[in-house]
């Protein structure tokens, strides 16, 4: 990536170093002193003295600071409060692994450029948190580098260039590193051999394998998906000294990674013997391979070698894997960091994404080695199980992903009560329920946590009664509402999510304008209060979660800053609680933390109201965005009509903004988001729409920054010349431009054209009651087991036969004056943090009321969403012309099991029922796999002779016939067809009368035959074009067990249509590899 310069380049970057251990004292500090681009300004380390096997000449930190002529700070918080921090450009974090995350988050929140030692951290969850912080830094024009110094060398850059331009698709990588054993056998070398903090283990993998993995991920662009690892441990320290890992990547490639502490001798780094680390990396692609190996202490020991299938060879002598010299100005990674701090463009060869991939991989390696399972590279604990190609280990030791039983709707709702470890009971209002709740599960303290950055700003937790007393409001008692909610009362705190504040603002104004108590109806005090104030009091908040309204119990304990102010969102009325209680309840269901992730205004409005969420991308290149100017104008007009009639609330949002940078006022308020220098808009921010109108032919929106300050600078902003140029406009809007310009409260007018130019999303939440819609809901579990799991197709783009599907029958046509005849909302149930943004889902509408198998044209295609909800609307003209439709739940690029709720809204009553499964549980199911080769890829029947060169499979229907046979032919990306001929031989003269799956379909086709007569039959599988060599899978499901066998035939130079050895797979938990002959499967 190229970093956006924050300012013009200047001579020296002001750097603070955090952690004065071995690497800092032996390398970073001397390099910084000699480097003319750097000025060391501070050392931060709480310890007086540290020890390391790397550097036996360590100085006490006070002497060290005196040597370099800089102040010593005993803690990072102390440094941040100093005047030196205000002029510091970047920080180098060279502390212990387990402290990287907390220090990195604090540094990112303070807006520094960051260079963090490798590994970025030693825990996958922490790596994700740091990566998210790095993305926010990037929007501010700040760089986040991980000191994987091997990635920055000229050989790494050259290797990446050669791999990308010459090797084709990467198929396999081997990488290993060998270094001395003694380093990991010394118990005193604690930081390298003992796990601390959240580390699963420690040793060679964290200390050394991270070097090669970072290099491999950078050079190849591969991303890990799963890991299987074995380790051998030191008897004296418990550290891993021999590590072997097999890494499966997302594109199907594999990486074999080995780390070996096997060399004799002591410390190799910088040693007089110059015996360094022995490294070998080999990358194999579809068009050649790249080899790179040597001793990193001896540049003459190796070379970079490219060998291509076409015979070309390229050799670059020398081995420059990593610069570990103590002399000079420092490695290329340090020099890139200093350049970024000076505002120069740099190539970040080890950004937070590379750091995260390395951490996730090694974390999974330790977990896999510990329990013998295949670890997930994203840090989750879910085991992977390849059902068609199982490992040698018994399945029982691995644990299945999928449930084999049918999951009933009541089970789905019951499972939905458990969210992030909290029990959220179905909402009830009667007193008996409250009494039972108080007796069985009374709330204890605060269940909501803070991120590390948020904790740094907090002094204590305090109940509201006590906080009011400390603020001098002894005569005030906490109450949920003090009058009607109003957006002007809302104050966003330092730990608050802007999306939620935007939704609370629009809902408060909606309630005030239209009298619908959408907020006052969801909060209730406990029937049995706790002990008298100042004890914390408990409240119930009704939120729509996992398919139904549920009770979220929270107390009024809140985080308080060191200056006594509330860190959470709150009301401007000191004793009014509704803002902070709703925020705390939403934080509970969004992960149990104020550091909420995966939210947007539609999701938040859905949780609070249960209304219909609709999100529009505003950039034309995004899926689901309008394609013409008239469609964008129609979008506004529809929203304005709904807004005016009290049918909806509206928000808008931004993503990254090119010139967004750190804003002093925002930083003082505790906000890390960047602010656009040219427009004043905040990057990655949500804004509530408080007014929506068309005046004098202009489409205008009145927005407010939830921060309460920092606003739009463009046309129609407060004080803009457009107000003087259009004198009647302000009067028509009842807007005092002069008064608005004198005080920045974050509110402003903006034209629709400017919204389309600078904003990324338009969020609408529709009230079903205001639209007079009837609501119908079904709850289910999409369990792809077993048939879709075994499919060779990566997702359901070409195969919908096993998706959840529902018949919808309109009893009467919708009113002709309505634009939408039917709304369908799919909400994916969320039970843990891993469920957020985990995969993309949608719901689509097809013509007719029968099951869709291999889809033709779709009536209304839903937009895939990785959020909680996905919406599809049926146009009124389509709804009026038909009465039966099929709703199909779909997911993209995945075969995950998940619970869901499907809600259908119409102005007329409908009948909605789940369609029965295509394959009854009593059916026998099995499959075979084969391949079209150059000899057997005969193509379609346009050429009869070549058609019969295609693979053929024979089967016998038993006496009494076969009631039902369903055949699926799959081949990803290939247009396919299957025909079934009656008789022992497929004859050319019968090609037109044979049963056929019909027109060739991409990826998959289906042929269903009923009442087949007894006797032999032959299935011919073909692609549309001849000569296409590709694998295929032929699956069958039958009412009575049958078997398929390769059919010899004389049309391919007297040879069989496919190899004598074929793969025959049962759709159970086993795979059977059969020899030629009959492959059968019992029910």
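Just so you know, all these numbers are worked out from the coordinates, no wet-lab data involved. The structure displayed is predicted, hence computed values, not measured ones. Note that each Cβ is placed from the backbone with ideal geometry, even for glycine, and that neighbours are counted across all protein chains shown.
Could you order the peptides 131-137, 412-418 from most to least packed, using the average number of other C-beta atoms within 10 Å per residue?
With the highest mean Cβ count within 10 Å placed first, the list reads 131-137, 412-418.
Per 10 Å bin from zero, what fraction in whole % of the C-alpha pairs of the stretch 774-914 is there, up to the bin with the longest pair?
12, 44, 32, 11, 1
Counting other beta carbons within 10 Å of each Cβ, put 841, 872 in order, fewest first.
872, 841
Suppose R0 equals 60 Å. What FRET efficiency, 1/(1 + (r/R0)^6) with r the Cβ-Cβ distance, do residue 230 and residue 619 give to the nearest 0.05?
0.80
Using the Kirkwood formula over every pair of different C-alpha atoms, what hydrodynamic radius in Å results for the stretch 978-1019?
11.2 Å
Per residue, how big is the convex hull around the C-alpha atoms of the stretch 476-559? Give it to me in cubic angstrom, could you?
Roughly 133 Å³ of hull volume per residue.
Suppose the chain between residue 741 and residue 856 were pulled fully straight at 0.36 nm per residue; how much longer would it get relative to their current alpha carbon spacing?
35.7 nm
Could the peptides 702-709, 660-667, 676-683, 349-356 be put in order, highest first, of the mean number of other beta-carbon atoms found within 10 Å of their residues?
So the order, starting with the most tightly packed, is 349-356, 702-709, 676-683, 660-667.
Give me the one-decimal nm value for the distance between modelled label points at residue 665 and residue 993, 7 Å along each residue's Cα-to-Cβ direction.
The answer from the label model is 8.5 nm.
At 20 °C and a viscosity of 1.002 mPa s, what translational diffusion coefficient does Stokes-Einstein give for the stretch 445-585, taking Rh as the Kirkwood radius over Cα pairs? Give it in µm²/s as a whole number.
It comes out at roughly 138 µm²/s.
Highest first, please rank the peptides 238-245, 690-697 by the mean number of other Cβ atoms sitting within 10 Å of their residues.
Going by the mean number of other Cβ atoms within 10 Å, highest first, we get 238-245, 690-697.
Tell me, in nm to one decimal, what length is gained between residue 521 and residue 777 on full extension, where the rule is 0.36 nm per residue of separation less the Cα-Cα distance?
Working it through step by step, the gained length comes to 90.0 nm.
Given the C-alpha centroids of the stretch 711-756 and the stretch 624-641, what is the distance between them in whole angstrom?
Answer, in whole Å: 23.
Fully extended, how many nm does the chain gain between residue 82 and residue 194 (0.36 nm per residue separation, minus their Cα-Cα distance)?
Length difference between fully extended and current span is 36.9 nm.
Note the direction-averaged projected area, equal to a quarter of the hull surface, for the Cα convex hull of the stretch 534-612, in nm².
Here the figure is 6.0 nm², rounded to one decimal.
Mind checking the alpha-carbon convex hull of the stretch 678-791 and giving the volume per residue in Å³?
Spread over its residues, the Cα hull of the stretch 678-791 gives 204 Å³ apiece.
Checking a compactness column here: for the stretch 150-331, what do you get for Rg(Cα) / (2.2 N^0.38 Å), N being the number of residues?
1.06
Can you list the residues of the stretch 1012-1038 with backbone N under 13 Å from a point 7 Å past the Cα of residue 934, pointing along Cα to Cβ?
1027-1029, by backbone N distance to the label point.
Give the span of the chain's Cα atoms along each principal axis, as three whole-Å numbers ordered largest to smallest.
92, 83, 65
With the calculation restricted to Cα positions, what are the radius of gyration and Dmax of the stretch 614-766 in angstrom?
15.3, 42
Taking a quarter of the surface of the convex hull around the Cα atoms of the stretch 13-148, what do you get in nm²?
Approximately 7.8 nm², given one-decimal rounding.
If I histogram all Cα-Cα distances within the stretch 757-826 using bins 5 Å wide from 0, what percent of pairs lands in each bin?
For the stretch 757-826, the binned pair fractions read 3, 9, 17, 14, 12, 14, 14, 11, 5, 1 percent.
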